[in-house]
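Chemist: Dumping the structure here so I can ask a few things about it.
Only the coordinates and a few stated rules stand behind these numbers; no lab work does. Keep in mind it's a predicted model, so treat the numbers as computed, not measured. A quick note on method: Cβ atoms are made from the backbone with ideal geometry, for glycine too, and the neighbour counts reach across all protein chains shown.
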Amino acid sequence: MTIYGGDELEGLRRIGRLIGESFDVLSAEVRPGISTGELDRVAAEFFTSRGAQSGPILTYDYPGFICISVGDQVVHGIPGSRVLAEGDLVTLDVAAELDGFHADAATTVPVGSVSPQASRIQAGTRAALGAGLRAAQPGARLGDIGIAVERVANTRGFSVFKELVGHGIGRSMHEEPTVFNFDSEDPQADQRLEPGMVFTIEPMLGAGSDQLRMGADGWTLSTADGKLSAHEEHTIVVCEGGPEILTARPS
Ligand code: MG
């Protein structure tokens with residue numbers, strides 16, 4: 001896998017910062033009554049005014065600037081006419097490109113006041129990301145990240161979807177390696193982390209089973225049992241002293 005440094009790392013920091021900033025802008029717009037299509041337009045305006053492009057459009061010809069998944073939708077929800085309601089959990093998954101560099105991050109946001117179960121899965125997913133970040137130390141096994149994520153998920157009574165993983169990122173949106181959210185037997189999990197590796201850590205947790213269902217639109221993956229899910233993601237670079245979060249929010 002690619003080791004990033006110097007000017008390339010500076011390029012990654014620039015797009016990472018922009019994505020971090022976008023979450024402050026987008027979260028402020030999340031409220032009952034706004035449609036996911038309107039949120040997507042806010043994202044498109046934010047990034048295009050700064051010379052950045054949508055990663056999913058650029059890479060996959062995806063039908064939206066960002067992915068917005070609501071309730072039991074886990075990933076790749078297409079922005080559109082769906083109106084957010086009090087009590088929803090909405091995931092904003094933002095991947096973007098600037099000057100040839102990509103970064104990717106996601107967060108799950110409550111719409112108004114949400115159920116205790118919704119708060120628990122939101123907090124649990126954040127804690128799982130925190131544990132994954134702490135495991136991303138130089139010299140550690142890549143697989144240690146998945147072990148840490150899965151432990152937090154299971155301790156709190158949530159499942160992880162084995163098909164959904166983090167990924168290397170940099171000059172393209174998806175690069176090697178695969179960053180598992182569980183204790184994987186895959187040989188990739190045995191590689192040692194070294195400074196300059198850039199990848200996402202992105203736990204996606206479900207409140208029920210670990211099975212997914214593909215939507216009729218061919219993009220949206222939802223929980224098979226219709227239960228809630230949440231997703232937290234950062235792009236990081238491994239450094240001598242530990243991970244540097246490239247997509248950190250300014251707030
Ligand atoms: Mg990702």
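Chemist: For the range 1-124, with only Lys/Arg (+1) and Asp/Glu (-1) charged at the beta-carbon, what is the dipole magnitude about the Cα centre, in debye rounded to 20? Walk me through the numbers before you get to the answer.
Modeler: Numbers: 8 positive and 17 negative charges, 54 e Å.
The calculated dipole for the range 1-124 is roughly 260 debye.
Chemist: Turning to a different aspect of this structure: Taking all pairs of different Cα atoms in the range 135-251, averaging 1/r and flipping that mean, what Kirkwood radius in angstroms comes out? Spell out each step's value before the answer.
Modeler: Numbers: mean 1/r = 0.0670 Å⁻¹.
After inverting the pairwise mean of 1/r, the radius is 14.9 Å.
Chemist: Taking +1 at the Cβ of each Lys and Arg and -1 at the Cβ of each Asp and Glu, which of T178, G168, S222 sits farthest along the dipole of the range 6-245 towards its positive end, judged by Cα position relative to the Cα centre?
Modeler: The listed residue farthest towards the positive side: S222.
Chemist: What full-extension length gain, to one decimal in nm, is calculated for S209 and S81 as 0.36 nm per residue of separation minus the Cα-Cα distance? Display every interim value, and only then the final one.
Modeler: On the way: separation 128, 0.36 × 128 = 46.08 nm, distance 2.83 nm.
Full extension from S209 to S81 adds 43.3 nm.
Chemist: Dipole magnitude of the chain about its Cα centre, charges +1 at Lys/Arg Cβ and -1 at Asp/Glu Cβ only, in debye to the nearest 20? Walk me through the numbers on the way to the answer.
Modeler: Working: 19 positive and 35 negative charges, 132 e Å.
Using only the charged Cβ atoms, the result is roughly 640 debye.
Chemist: Cα centroid distance between the range 156-218 and the range 71-118, in Å?
Modeler: First find each Cα centre; the distance between them is then 17 Å.
Chemist: Additional query: Using a simple spin-label model with points 7 Å from Cα along the Cα→Cβ vector, what separation in nm is obtained for T178 and A216?
Modeler: It is 3.1 nm.
Chemist: For the pair E185/S115, report the inter-label distance in nm, with labels modelled 7 Å from Cα in the Cβ direction.
Modeler: About 3.6 nm, to one decimal.
Chemist: Let me ask you something else. Sorted by mean Cβ packing within 10 Å, highest first, what order do the peptides 39-48, 128-137 take? Provide the component values of the computation, followed by the final result.
Modeler: Working: 39-48: 18.3, 128-137: 21.3.
Top of the packing list down: 128-137, 39-48.
Chemist: Assuming a ≥ b ≥ c are the square roots of the Cα gyration tensor eigenvalues, decide whether the chain counts as rounded (a/c under 1.5), prolate (otherwise, with a/b larger than b/c) or oblate. Walk me through the intermediate numbers first.
Modeler: Details: a/c = 1.71, a/b = 1.15, b/c = 1.48.
Note, shape of the chain comes out oblate.
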